[in-house]
Amino acid sequence: MSVYFKNKSFVLGLIFISLVFSLSFVGLFYLPYDPNQIDIAAKLQGVSRSHLLGCDNLGRDILSRLMVGSRISISLGFLSVALSFLIGTPLGAIAGYKGGKSDEVLMKFIDTLMSFPGILLALMLVAVLGPSFTSMLIALTLMGLPRFARVVRGGFLSNRNKTYVLSSKARGASTSRIIWNHILPHISIDILNTASITFATSVMSEAGLSYLGLGIQPPNPSFGQMLSGAQSYILIAPHYIVSPALLLILLVLGFNLIGDGLREIQQ
Amino acid sequence: MKKVLEIKNYSLALNVNGLLKQAVNNIDLYVEEGEAVALVGESGCGKSLTALSIAGLTPKKSQVLSGEILLNQENVLSYHDQDWRRVRGNEVSMIFQEPMTALDPLYKVGLQIEEASTIHGLSRKKARVRAQQLMEKVGFNDIDKVYKMYPHQLSGGMRQRILICIALMESPTMLIADEPTTALDAMVQRQVLYTMKDVSSSMNTSLLFISHDLDLVSQVCRRVYVMYQGKIVESGLCHDILVEPSHPYTRDLLSSMPSIHKRGKELPAIKGSVPSLESRKNKGCPFAPRCKQAMPICLEINPPNTQKGTRKASCHLLKEENGWIPC
Amino acid sequence: MLYLSRKLLSTLITIILAAVVTFLVFQILPGDPALVILGPNADPAQIANLHQSMNLDGSAVSRFLTWVSAAAKGDFGTSYRYGTSVTGLINNAFGVTLSLGLLGLLLSVIIGIPFGVLLAKQKSKGKGMVLSFFSQLGLSAPNFLVGILLISLFTVQIPLFPSMGYIPFSSSISAWFASIFLPALSLAVGSSAVIVRYLSTSIIEQNEMDYVRTIRATGEKESLILYKHVLRNSLIPVITIFGMLLSEVLGGSIIIENVFSLPGIGKLLTSSITSRDLPLLQALVLYLSIIVIVCNFLVDVVYQLLDPRIRLE
């Protein structure tokens, strides 16, 4: 356990995501203001004691909006990563362990999925289902799925002929025992690394979609939306764009650093 | 005879997790012009590190503690990068144990042999001629064909012979071979061994042959140094040592090696195993814990270096009255 | 040769599967396209007529086959919104996205390779960590954010580039370049970071290889060892991620074209979603996926050619 905490990337990443997580966690219980409350008088007000991060162009409190917006990004991230993991891992395991026909068929499916750039998949779903939390969730899951499948498959392919597996087989161990007790522990760090990086990608993709207006719809706040709105005021009211930008980067960077740290630890 | 290599009182330590551990312990070794000398010992005894020191290829986490390594009368321990660029290939060359991964997979082998000389200023044309001459010497038949091949198209033995060519392109004074045949099949081993010996002696290149196999090296080397845990425990003429080893370790090493003569008999093993670098002590004879003839003094005091004729050894069992003079 | 033909077949199958997926996804599209065109108060007879002429009455399979066979000939139908041929619209937009994508990839390589080498060379922990951190930052900054930043810095503060619009290559090379440089740079930041990390890891791995020791023992200069031997070997695995990079660049251009108002495929895509322009949308999706599939195939071919170990199998 301590080896994780000695790794600088891992620790730094953990700190970054904790900052954002705690902000959004606090937001579950306490919000300085109603995030959707418009107050034209306070329009584009800068950082002040009453509005810690200032106000947007409609006078809404940026801090409150970020606390709620980050919650949406984080939950989308968690759910989509969990689903990608749950669906992608067994697919990858079968492909990697069994090999042969099942591998070919499964990989064809994965390849087809991967021939649609991530954003495109998301756009397709939004086109069909309309912009909503659900369509985003499905899109992000589909985007992350191939990654898990590939990593797990790779892990199984490289491990299934290793000596420790063969000697287990020779002792009569069952397939599931080999998979659970022997191979999976070896690739667990790879899986964690993939999860971390996929989380980062999910948050970024959601931001991109919301920026285009095809993700989380107003008035629900989200990183992408706020950035889109803040764009026009970047020179006259930079505080509007700085906070969401920083928070978003902090979250994404944090997960990327954790992934990095995990990889370093493995080596 | 001129000494092309002279190692005096050389000690090297390795940085293991922040601690310095002595891997090579005050060794003395020399090689004369045109001579073939062997350095023999088990894995972990420091023989490879010694070899790497001569070519300046020791790992970054190592530190020279004492001594000199005189290559053609110049101390290489004081060399900088430019000196090494001049000296490597020209005065000292080295080939290693694993031929399968020792060549750049993206370049044809002929080109790689040429490069050994073109980097020292020779023209491509002349280098190519020299390369093909060497290839003939090492025993290649279809030279033009092999020249244009990529490493992965050649067998282990062939690759090792290419590596020998690369090493000898600039006619170095000395060739160091670190277990060059260990990774090869038995039959190919002998071919490569004799090729190496023949070609280097035809060029008057001295050979320092590192191995764990005393029997094997005796086929090509005149003298041998036996190393254990960083120290040279015995040295002398190969054939003499094979017939009558003086040091208990050498004796055990010889008796534990399989050979035709011992067919059907149980193979004795040396009791215990080589202690790891971390657990080595600096008191007494390094072999004492595993020595069948160990005496109490062996665990306490380092045995003196003694000499009897062409033989040198360090063991408390070797008495002055038997002709062993301290040196 | 055999491998290549098998790969080609596999690629074709993937293209067909992509077409099937594309068709399936959009056939679940709720809502009646005819209503979209004619308006919600349209006459039912008109709607029925339009249904027939738009061929919305057949079975899914027959509709799929009609669509695919027309597509294979380059005919993707007529756009609901613009009323003109879809193929024409795509062709007009294609040049923009192509310029953007190519320049984006080029910049990624130009930035990525030198920094990748630099990162690999770092011996001191300090400099290495700083560089590594910056490459992580490059990965973590969304491309549209970079775009916004670049716009505010280099078009408003320092009016060097136009903030929007596209000038075709044929009109004026310098104006064309000026109009796509910042967008391409926004894309390049993320992709170059990927290259930096992959390449530096690859170089560090290669440096440990035995053949490097062999070359060093011949007296070769360290810098030449790097550039003549290690770099070539390190770049080969990096090529395998080019397919993924291209996919990212294409995806990224969808957003970036919106940020910089470039009339490319991405812009067309987003507007076709809001206007529910089914033929255009379907065609665009298929188009983009085919580009990705074909490029992956080409990358594979190039990879085969570059590595003699595979080429001579």
### Task
For residue C:127, go through the lysines and keep the ones whose alpha-carbon is under 23 Å away, minus same-chain ones fewer than eight residues off.
A:6, A:8, B:60, B:61
### Summary
Within the under-13-Å Cβ sphere about residue C:90, not counting residue C:90, Lys/Arg +1 and Asp/Glu -1 give a net charge of -1
### Message
If packing is taken as the average count of other Cβ atoms within 10 Å, what order do C:9-19, C:263-273, B:34-44 fall into, highest mean first?
### Response
C:263-273, B:34-44, C:9-19
### For chain B, calculated [θ]222 nm from helices alone, where every DSSP H run of n ≥ 4 adds -39500 (n - 2.57)
-8500 deg cm²/dmol
### Task
Give B:2/B:231; B:145/C:7; C:123/C:221; B:125/B:145; B:231/B:308; B:231/B:312 a once-over and call out the pairs whose C-alpha atoms are over 21 Å from each other.
B:2/B:231; B:145/C:7
### Query
Which far-off residues, 5 or more places away or on another chain, put their amide H under 5 Å from the one on residue C:167, with H placed in the peptide plane?
C:179
#### Entry: Relative contact order (percent, whole number), the range A:1-134, Cα cutoff 8 Å, 6+ residue spacing
16
### Query
Using alpha carbons only, how many degrees (0 to 90, rounded to 10) separate the axis of helix A:133-159 from the longest principal axis of chain A?
30
### Query
Counting DSSP beta bridges with both partners in the protein assembly as shown, what percentage is antiparallel, nearest 5?
65
### Task
Evaluate E = 1/(1 + (r/R0)^6) for residue B:194 and residue B:42, where r is the Cβ-Cβ distance and R0 equals 22 Å; express this FRET efficiency to the nearest 0.05.
0.35
### Query
In degrees between 0 and 90, to the nearest 10, how far off the longest principal axis of chain B does helix B:156-168 point, with axes built from Cα atoms?
90
### Message
Can you return the aspartates and glutamates within cross-link range of residue A:43? Criterion is Cα-Cα under 12 Å, with same-chain partners fewer than 8 residues away left out.
### Response
A:56, A:61
### Query
For the range C:301-308, what does the Karplus curve 6.51 cos²θ - 1.76 cosθ + 1.60, with θ = phi - 60°, yield as ³J(HN,Hα) per residue in whole Hz, taken in order and with x for Gly and Pro?
4, 4, 4, 4, 5, 7, 9, x
#### Entry: Global geometry of the range A:69-136, whether rounded, prolate or oblate, following the gyration tensor of its Cα atoms and the 1.5 cut on a/c
oblate
### Task
Using amide H atoms built 1.01 Å from N in the peptide plane, name the residues 5+ places from residue B:311, or on other chains, whose amide H lies under 5 Å from its own.
none
### Query
In terms of the ratio Rg/(2.2 N^0.38 Å) built on C-alpha atoms, what value belongs to the range B:28-130?
1.24
### Query
Applying the Karplus parametrisation 6.51 cos²θ - 1.76 cosθ + 1.60 with θ = phi - 60° to the phi angles of the range A:8-15, what ³J(HN,Hα) value in whole Hz is obtained for each residue in order, glycine and proline being reported as x?
5, 4, 4, 5, 4, x, 4, 4
### Summary
Rounded to 0.05, the calculated FRET efficiency for the beta carbons of residue C:311 and residue C:227 at R₀ = 22 Å is 0.45
### Task
In whole Å, largest first, what are the principal axis extents of the Cα atoms in the protein assembly as shown?
123, 67, 63
### Query
Shape call for the range C:97-149 from the C-alpha gyration tensor, a ≥ b ≥ c root eigenvalues: rounded (a/c under 1.5), prolate (a/b greater than b/c) or oblate?
oblate
### Query
In what order do B:300, C:257 fall by count of nearby beta-carbon atoms within 10 Å, going from fewest to most?
B:300, C:257
### Query
What is the pair-distance distribution P(r) of chain A, computed from all Cα-Cα distances in 5 Å bins starting at 0, with each bin given as a whole percent?
1, 6, 12, 14, 15, 14, 12, 9, 7, 5, 3, 2, 1, 0, 0, 0
### Query
Taking a threshold of 30 Å on the Cα-Cα distance, which of the pairs B:47/B:319; B:8/B:283; B:21/B:197; B:148/C:228; A:98/C:73 fall above it?
B:21/B:197; A:98/C:73
### Query
Under 19 Å from a point 7 Å along the Cα-to-Cβ line of residue A:186: which residues of the range A:232-267 have their amide N that close?
A:263-267
### Task
For a footprinting-style exposure proxy, rank A:56, A:39, C:307 by other Cβ within 10 Å, fewest first.
A:39, C:307, A:56
### Query
For the residue pair residue B:266 and residue C:118, what label-to-label distance in nm results when each label sits 7 Å from Cα along the Cα-to-beta-carbon direction?
6.7
### Message
At a threshold of 8 angstrom on Cα-Cα distance, excluding pairs fewer than six apart, so keeping six or more, what relative contact order does the range A:5-77 reach in percent?
### Response
31
## Note on the structure
Of all trypsin sites (Lys or Arg not before Pro) in the range B:1-110, the ones in DSSP coil with at most 13 other Cβ atoms within 10 Å are B:2, B:60, B:61
### Query
Could the peptides B:219-226, A:100-107 be put in order, highest first, of the mean number of other beta-carbon atoms found within 10 Å of their residues?
B:219-226, A:100-107
### Task
Counting other beta carbons within 10 Å of each Cβ, put A:153, A:160 in order, fewest first.
A:160, A:153
### Query
What relative contact order, as a whole-number percentage, does the range A:104-198 give when Cα pairs under 8 Å and 6 or more residues apart are counted?
26
### Task
Hey, can you grab everything whose amide H is under 5 Å from the amide H of residue B:4? Only 5+ residues off in sequence or another chain; H modelled, so Pro and N-termini drop out.
B:31, B:32, B:33
### Task
Please find the FRET efficiency linking residue B:153 to residue C:301, where r is the Cβ-Cβ separation and R0 is fixed at 22 Å, and quote it to the nearest 0.05.
0.50
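Throughout, read-outs are computed from the coordinates displayed, never taken from laboratory work. Predicted model only: the values in this text are computed from it and were never measured. Ideal geometry is used to build each Cβ from the backbone, glycine not excepted, and the neighbour counts take in all protein chains shown.
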